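Asks: Following this message is one structure expressed as structure tokens.
The values are calculated or read from the model by the stated rules, or taken from the named source; none is laboratory data. For clarity, every value in this text was computed on a predicted model and none was experimentally measured. Every residue, glycine as well, gets a Cβ built from its backbone with ideal geometry; the counts of neighbours run over all protein chains shown. Each accessible area value is taken on the protein alone, full model and side chains, heavy atoms only, with ligands, DNA and RNA left out. Shrake-Rupley method; radii C 1.70, N 1.55, O 1.52, S 1.80 Å.
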Amino acid sequence: MNASTEYDAEGQAAGRAAARAARKAAKKPATKAQNDIGPTGVRPILEVTDLGVDFWVGGEWIPAAEHINYRVNPSEVLAIVGESGSGKSVSSMSLLGLLPANGRVHGSAKLQGIELVGASQATLRSVRGNDIAVIFQEPMTALNPVYRVGFQIMESLRVHFPITPSQARERALELLRLVEMPDPQKAFDSYPHQLSGGQRQRAMIAQSISCDPAMLIADEPTTALDVTIQAEILDLLRRLHKRLNSAIVIITHDMGVVADLADNVIVMRHGEVVERGSVVDIFNHPKHPYTQELLAAVPHLGTGEAIVTEALARQEEPVLRLQDVDIKYPKRGRIPAFLAVDGVSFDIHPGEVVGLVGESGSGKTTIARAAVGLVPVAGGRLTIAGQDIATANSRELRAVRRDIGIVFQDPGSSLNPRFPVGESIGEPLLLSGLFDKKQINSRVEELLEQVELPRSFRNRYPHELSGGQRQRIGIARALALNPKLLVADEPTSALDVSVQARVLELLQEVQAKLQFACLFVSHDLAVVDLLAHRIVVMNQGRVAEQGSKEDILRAPKDPYTQRLISAVPLPDPIAQRERRESRRVGI
């Protein structure tokens, strides 16, 4: 080691020591209550007593959550589960004063003895990030798109601690290494959109733990992630909270995540806690009927019905056919051109559902976009109902698109917020030019009945509907022109398990009745098992394996498929713990 290198190493070490000292000095332990010992002899990090949240709507206060009581001890992971509207997120966000202007909170919430309910803005500002931090559901919207990732981590450090920019930079890189970012320096210099979903979530976690908070609130932290990345993030959270001796409150509808990570569980419905207990008791001995319904709605990998695909006799031509298809994204600025899909071949026949699975970047969404004509085909043939998309002119492509329906991942952002949902459903009919006003009105009502919604819903706006209802509207719109091919891109990933179960049942019923071909893109293998006849597994733009779901999910041959399946969390805490241990020792 030369003199300059030794000097740099000593300077970095001194910077880290100074940063840690500043963080400890800024914690102000003297302000915390010393007599807050619970019945177990352990002082809880968070103690919530009779917490309630109300919203001023239509001239009156409407309760969103009431009579919430729980305590979280050091190194404990508490899961709060329930459907949308159960009050799980709003009760947790109220702890930090993150309610909209028409909201109010009452009761008590003490963080290491500091009362949060009714606290001044100065107190809340000092607590946020410093003592309690949030990992949000969607890091792309939580991270500022115009600032680099490193700057945002440094900003949270310098808000709370009197450290220099160089010390903050060193600490930010240290945090990115702590969350096991593949290339910390590159991530530090990148904007959020330049990182993958898993890397953005790691950056969000790095920012959240930057001040060594005593508690983390993780709001659906793995909802949009692939199963392998989800497994990595859950392992990371488990290691971090043990290393930092911090507590975690995880808000989720994914019971596999609960089984994998939680110690204790609170089940909420209609703003109230209906059941609480250890994770083993909740899964194995649920007492409340709602908890039983919630667990019964969870799709389990390996329980899908066996389907004889040969019975879908190949007498008819496939609706969608890919033959050695290559899809290339052109060079954009400094980003070089790259081959996203390489030599992919598979067919989908009428009445058949094909599940397209794989990690982010595997090419599955690119194939879905190419199937609807949004991405050009660079090589091979992609035909829909006999029409080659690559050679079709604009008039032919417009005609082909009438045979295609699309169900998007996020129904909230795919519906026009200024249109009543009846207009959104009728828009494809209007644009086709094949229907008059009376026919459109009749078809809209027929479609609403088909997705089991009242006709009166046609006059409602998207924000007036729940997530499951919005997704039903999305399905109705996709079916408006009786398509031969339905492309469903992660249509249930953002839905609660009970809502997801009903939407999947509905999709199965409609597909069995109308017999359209369906390309179902998903990272949830349990959902694919429930719905699909055949499965195509994508890995880095190529087909790793394809076949019946029995062959792919019960007897996978490709190591990549085996790794995907082993990463799926089991909705059983004991079985999941055994799987996690076996994965750790490499069995």
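Asks: Scan segment 50-66 for residues that are in contact with a strand residue (DSSP E or B) (Cβ under 6 Å, 6 or more places away or on another chain), in contact (Cβ under 8 Å) with a residue 24 or more places away in the chain and open to solvent by 30 Å² or more (accessible area, probe 1.4 Å) and jot them down.
Replies: Once the filter is applied, which keeps residues that are in contact with a strand residue (DSSP E or B) (Cβ under 6 Å, 6 or more places away or on another chain), in contact (Cβ under 8 Å) with a residue 24 or more places away in the chain and open to solvent by 30 Å² or more (accessible area, probe 1.4 Å), segment 50-66 yields Asp50, Phe55, Trp61, Pro63, Glu66.
Asks: Between residues in segment 277-291 that are over 16 Å from Leu261 (Cβ atoms) and residues that are open to solvent by less than 80 Å² (accessible area, probe 1.4 Å) and assigned to a helix (DSSP H, G or I), which pairs lie under 7 Å by C-beta distance while being six or more apart or on different chains?
Replies: Going by the 7 Å Cβ cut-off, the qualifying pairs are Pro286/Leu295; Thr291/Ile282.
Asks: In segment 182-199, how many residues are crowded, with 17+ Cβ neighbours inside 10 Å, farther than 15 Å from Val146 by Cβ and modelled with pLDDT of 85 or more?
Replies: Qualifying residue count for the region: 3.
Asks: Under 6 Å between Cβ atoms, at least 6 apart or on separate chains: pull out the pairs that start in segment 68-89 with a residue that is closer than 19 Å to Phe283 by Cα and end on any residue that is open to solvent by 20 Å² or more (accessible area, probe 1.4 Å) and part of a loop (DSSP other than H, G, I, E, B).
Replies: What qualifies is Glu76/Asp263; Val77/Asp263.
Asks: Within segment 312-323, count every residue that is open to solvent by less than 80 Å² (accessible area, probe 1.4 Å) and modelled with pLDDT under 75.
Replies: Summing the residues that are open to solvent by less than 80 Å² (accessible area, probe 1.4 Å) and modelled with pLDDT under 75 in segment 312-323 gives 2.
Residue by residue, here is whether (1) within 26 Å of Leu111 (Cβ to Cβ); (2) touching a Leu at 6+ places or on another chain (Cβ under 7 Å) holds:
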position	(1), (2)
Phe161	yes, no
Asp189	no, no
His193	no, no
Gly198	no, yes
Asp219	yes, no
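Asks: Follow-up question, since we're still on this one. Among the residues of segment 121-147, which ones are free of Cβ contacts under 8 Å to residues at least 60 places away in the same chain, hydrophobic (A, V, I, L, M, F, W, C) and surrounded by fewer than 20 Cβ atoms within 10 Å (Cβ to Cβ)?
Replies: Once the filter is applied, which keeps residues that are free of Cβ contacts under 8 Å to residues at least 60 places away in the same chain, hydrophobic (A, V, I, L, M, F, W, C) and surrounded by fewer than 20 Cβ atoms within 10 Å (Cβ to Cβ), segment 121-147 yields Ala122, Leu124, Val146.
Asks: So which residues in segment 484-496 are touching a helix residue (DSSP H, G or I) at 6+ places or on another chain (Cβ under 9 Å), modelled with pLDDT of 80 or more and assigned to a loop (DSSP other than H, G, I, E, B)?
Replies: Those that are touching a helix residue (DSSP H, G or I) at 6+ places or on another chain (Cβ under 9 Å), modelled with pLDDT of 80 or more and assigned to a loop (DSSP other than H, G, I, E, B): Glu490, Pro491.
Asks: Give just the number: which of (1) in contact (Cβ under 8 Å) with a residue 40 or more places away in the chain; (2) surrounded by fewer than 19 Cβ atoms within 10 Å (Cβ to Cβ); (3) within 29 Å of the chain's Cα centre (by Cα) does Ala101 not satisfy?
Replies: Condition (1) is where Ala101 drops out.
Asks: For segment 393-466, which helices (runs of 4 or more DSSP H) that fit wholly inside it have 3 or more residues that are within 21 Å of Asp489 (Cβ to Cβ)?
Replies: 394-401, 411-414, 421-432
Table: residues versus (1) touching a residue at least 40 places away in the same chain (Cβ under 8 Å); (2) closer than 21 Å to Ser156 by Cβ; (3) aliphatic (A, V, I, L, M); (4) touching a strand residue (DSSP E or B) at 6+ places or on another chain (Cβ under 9 Å).
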{"residue": "Phe188", "(1), (2), (3), (4)": "yes, yes, no, no"}
{"residue": "Gln199", "(1), (2), (3), (4)": "no, yes, no, no"}
{"residue": "Ala203", "(1), (2), (3), (4)": "yes, yes, yes, no"}
{"residue": "Ser208", "(1), (2), (3), (4)": "yes, yes, no, yes"}
{"residue": "Pro221", "(1), (2), (3), (4)": "yes, yes, no, yes"}
{"residue": "Leu234", "(1), (2), (3), (4)": "yes, no, yes, no"}
{"residue": "Thr252", "(1), (2), (3), (4)": "yes, no, no, yes"}
{"residue": "Val265", "(1), (2), (3), (4)": "yes, no, yes, yes"}
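Asks: Which one is surrounded by the most Cβ atoms within 10 Å (Cβ to Cβ) among residues in segment 451-467 that are in contact with an Asp or Glu (Cβ under 9 Å, 6 or more places away or on another chain) and farther than 25 Å from Gly82 by Cβ?
Replies: Here the residue is Arg458.
Asks: Quick check on this structure: which one of Val257, Val280, Val274 is among the β-branched types (Val, Ile, Thr), outside any loop (DSSP other than H, G, I, E, B), open to solvent by 40 Å² or more (accessible area, probe 1.4 Å) and out of contact with any Phe, Trp or Tyr (no Cβ under 9 Å at 6 or more places or on another chain)?
Replies: The conditions single out Val280.
Asks: Listed residues Arg470, Arg542; which is touching a strand residue (DSSP E or B) at 6+ places or on another chain (Cβ under 6 Å), open to solvent by 20 Å² or more (accessible area, probe 1.4 Å) and over 25 Å from Val400 (Cα atoms)?
Replies: Arg542
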